[in-house]
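Chemist: Here you go, one structure.
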Amino acid sequence: MHLQARRWGGDFPEVGWGDSLMSAASTFQSYGCTHGDRTALLAAVPEEHKTFLRQLPWLHREEVGGHKALFVHAGLERAEDLETQMEILRERDITVKYLEQLSGRKNVLLPPQGLCDEGVTVISGHHGFIAHGEYRVVLDSSGGPRPAHLV
């Protein structure tokens, strides 16, 4: 299953974040499982679904009609070494305990300057809101409420 799926079914420490840390009740229900029963979920998910999730790239770069886009789950850290971040994602390195690019919030909202200089737009979901700016697009209307620092 996805690297972060181990968190499904957990309680989120703030009121108003839906049914769990990852708002995963509908996922459990879609596989006929009780929300939070990870053992049942793992047994219920067909192998082809697990294989699909395991094979998904963590980073995808695309160029269409002269527009360059880089897709990553949460975003890339502006202040960190761009090549190191991209290498970890390309290699799908699960030895890194916490990946800001997959799990981060505030530190991954501004695109790295190197990508801006190349005219590359970073596109992600993960944040629970929809926003766009120069070289950054967030498309996620389901990941929880918009953080207070972005309201």
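Chemist: Name the helices (runs of 4 or more DSSP H) wholly inside the range 24-94 in which the number of residues that are touching a His at 6+ places or on another chain (Cβ under 6 Å) is 1 or more. Walk me through how you get there before you give the answer.
Modeler: Numbers: elements: 25-30, 38-44, 47-55, 82-91.
Fully inside the range 24-94 and qualifying: 25-30, 47-55.
Chemist: Further question: So for the range 57-67 (the condition being in the same structural domain as residue 123 (by TED's automatic domain parsing) and at pLDDT below 90), does at least one residue qualify?
Modeler: yes
Chemist: I'd like to know if the range 142-149 contains one or more residues that are among the polar types (S, T, N, Q), assigned to a strand (DSSP E or B) and not assigned by TED's automatic domain parsing to the domain that holds residue 34.
Modeler: From the range 142-149, those among the polar types (S, T, N, Q) are 142; that's our starting set.
Imposing the further condition that a residue be assigned to a strand (DSSP E or B) reduces the set to none.
No, the range 142-149 has no match at all.
The values are calculated or read from the model by the stated rules, or taken from the named source; none is laboratory data. Everything quoted here is computed from the prediction, not taken from an experiment. Reconstructed Cβ throughout: ideal geometry from the backbone, glycine too, with neighbour counts over all protein chains shown.
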